[in-house]
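Here is the structure we will look at, set down as structure tokens.
The values are calculated or read from the model by the stated rules, or taken from the named source; none is laboratory data. Values in this document were obtained by computation on a predicted structure and should not be read as measured data. Backbone-built Cβ (ideal geometry, glycine too); neighbour counts: all protein chains shown. Please note that ligands, DNA and RNA were not included when accessible areas were found on the heavy atoms of the full protein model with its side chains. Shrake-Rupley method; radii C 1.70, N 1.55, O 1.52, S 1.80 Å.
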Amino acid sequence: WRSPTPATVAAASANKNRTSINWEPWSPAAVDRAVADGKPVLVDFTAKWCLTCKVNKALAIEVPTVRERMKALGFVALRGDYTREDPAIAMELKRWKRAGVPLVLVYSRNPDVPPRVLPEQLTPGLVMDALEWAGK
């Protein structure tokens, strides 16, 4: 029981991939690419030391209803890791008038519409409303 078999490891990995959001690294170019392709985008600026970020992830972002809706609407999920205070992320936080993380942005399929800035403390309902808005 102490040494997992390769089959056990593979099964756990496959299950994790089915139950978690496929996050890609955030960059302004990644946002621009996704929006230009007509895809809605959810950007989560977070840090390992941020308690509110962890709560948002556990209770409002990485939940089955949100994951399923993001997948159904073809969302691109981008994560900006501010753990080591990346200067590019610091500029983005300043741009959206935030002193720090968390910052969650939801970009519409429509490139002419500015992104929605979600509140610092999230609920599944807030996230689902933003997903529906962006997926139209």
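Scanning the stretch 86-136 for residues that are over 15 Å from LEU73 (Cβ atoms), surrounded by 14 or more Cβ atoms within 10 Å (Cβ to Cβ) and basic (Lys, Arg) gives a single hit, ARG98.
Contact map, the stretch 74-102: first residue over 19 Å from ILE61 (Cα atoms) and at pLDDT 95 or above, second residue open to solvent by 30 Å² or more (accessible area, probe 1.4 Å) and of a type in the set (Val, Ile, Thr), Cβ cut-off under 7 Å, separation 6 or more or different chains; pairs are TRP96/VAL117. Candidates are the residues of the stretch 15-56 that are under 12 Å from the mean Cα position of the chain (by Cα) and of a type in the set (S, T, N, Q); the one that is modelled with the lowest pLDDT is SER20. Within the stretch 30-72, the set of residues being surrounded by 15 or more Cβ atoms within 10 Å (Cβ to Cβ) and among the small types (Gly, Ala, Ser) comprises ALA30, ALA34, ALA47, ALA60.
Return the residues of the stretch 114-136 that are at pLDDT below 95 and assigned to a loop (DSSP other than H, G, I, E, B); say none if nothing qualifies. Selection gives LYS136 alone.
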